[in-house]
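Structure record follows, encoded as structure tokens.
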Amino acid sequence: MSLSLEPARLLSLGSRAAARVHARRRARTFEASLSPRQVPDLQQIGDLGYGGYLLPADALSMSSVCYLAGTGTDISFDLLVIARFGCEVHAFDPVPAAAEYVRDAAAHEPRLHFTPVALWRVDEELTFHAPRVEGFVSHSAVDMHGTPIAFRAQGRSVASLMREHGHAQLDLLKISAEGSEHAIIDGTLVDDVRPRVLCVEFAQPAPVGDAEETMRRVEAAGYDLVGASIQPWNWKLTWLLRA
């Protein structure tokens with residue numbers, strides 16, 4: 001290794017280490033502020049470190065209507081929901097690579113219905129920015145990382161999709177949307193859509209205040225926080241609509 005490169009390399013390594021420490025501290029502080037209500041039969045479905053979530057299993061059944069936003073190149077959660085509850089699942093992701101992946105990975109499962117659109121607050125075309133790390137599949141409609149535009153795709157509100165599919169009620173709405181979760185939830189609440197179970201990943205790094213404000217809006221709309229999995233780069237919350 002050239003000696004002239006060592007200081008830059010050390011600085012880079014030091015910056016990454018500092019970022020990891022900061023992320024862990026933020027996650028611990030945020031987790032300490034949460035007080036999930038205990039509910040019976042809360043189950044882990046999938047890997048919480050990546051695509052999985054905590055679900056109140058007694059709130060879902062074979063007849064449940066499930067909208068799962070953000071497949072990426074891992075539909076293990078989608079398939080596990082189908083296997084666990086026997087219901088049909090509607091999955092959404094605007095990224096072309098995700099559509100190709102789902103086409104092959106779900107070819108054996110007719111109960112998984114994929115639509116290559118992005119969930120959003122209204123129906124409109126969106127601009128998606130490239131991921132921070134080249135080769136990652138996740139793209140952001142809110143330009144989380146200050147990266148170049150990669151493609152454009154149609155955004156759809158949850159209410160609009162429900163009308164299209166003839167669904168009067170949702171039992172599960174899962175949102176993993178690289179910063180768009182706040183806009184999606186805003187549109188869903190404004191349209192008076194109240195899924196029985198709401199699972200949200202708050203993409204990181206992002207201002208904690210954004211997550212806290214969205215949480216306040218969700219809970220003011222009649223939801224109780226019942227599950228939380230908070231890891232440095234992965235903040236996942238589960239709410240249950242109060243009866």
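The values are calculated or read from the model by the stated rules, or taken from the named source; none is laboratory data. Since this is a predicted model, take the numbers as computed values, not measurements. Because the Cβ atoms are built from the backbone with ideal geometry, glycine has one as well, and the counts that use them run over all protein chains shown.
Numbers at a glance
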item	result
Candidates Ala183, Ala118, Ala206 - the one that is within 16 Å of the chain's Cα centre (by Cα), surrounded by 15 or more Cβ atoms within 10 Å (Cβ to Cβ) and within 18 Å of Gly51 (Cβ to Cβ)	Ala118
Yes/no for Ala168 being closer than 28 Å to Ala243 by Cα, of a type in the set (A, V, I, L, M, F, W, C), at pLDDT 95 or above and not in a loop (DSSP other than H, G, I, E, B)	no
Output for region 117-138, where each listed residue is in a loop (DSSP other than H, G, I, E, B) and either among the small types (Gly, Ala, Ser) or at pLDDT below 90 (or both)	Ala130, Pro131, Arg132, Val133, Glu134, Gly135, Phe136, Val137, Ser138
So Ala150, is it part of a strand (DSSP E or B), among the small types (Gly, Ala, Ser), over 18 Å from Trp239 (Cα atoms) and free of Cβ contacts under 8 Å to residues at least 60 places away in the same chain	yes
Options Gly187, Gly227; residue that is touching a residue at least 24 places away in the same chain (Cβ under 8 Å), in contact with a strand residue (DSSP E or B) (Cβ under 9 Å, 6 or more places away or on another chain), small (Gly, Ala, Ser) and in a strand (DSSP E or B)	Gly227
Residues that are touching a helix residue (DSSP H, G or I) at 6+ places or on another chain (Cβ under 6 Å) and not in a strand (DSSP E or B), drawn from region 65-93	Thr71, Gly72, Thr73, Ile75
Any chance Leu55 is in a strand (DSSP E or B) and either touching a residue at least 60 places away in the same chain (Cβ under 8 Å) or touching a Gly at 6+ places or on another chain (Cβ under 7 Å) (or both)	yes
Val218 being of a type outside the set (Phe, Trp, Tyr), in contact (Cβ under 8 Å) with a residue 12 or more places away in the chain, assigned to a helix (DSSP H, G or I) and in contact with a strand residue (DSSP E or B) (Cβ under 7 Å, 6 or more places away or on another chain)	yes
Val193 crowded, with 22+ Cβ neighbours inside 10 Å and either in a loop (DSSP other than H, G, I, E, B) or without any contact (Cβ under 8 Å) to a residue 60 or more places away in the chain (or both)	no
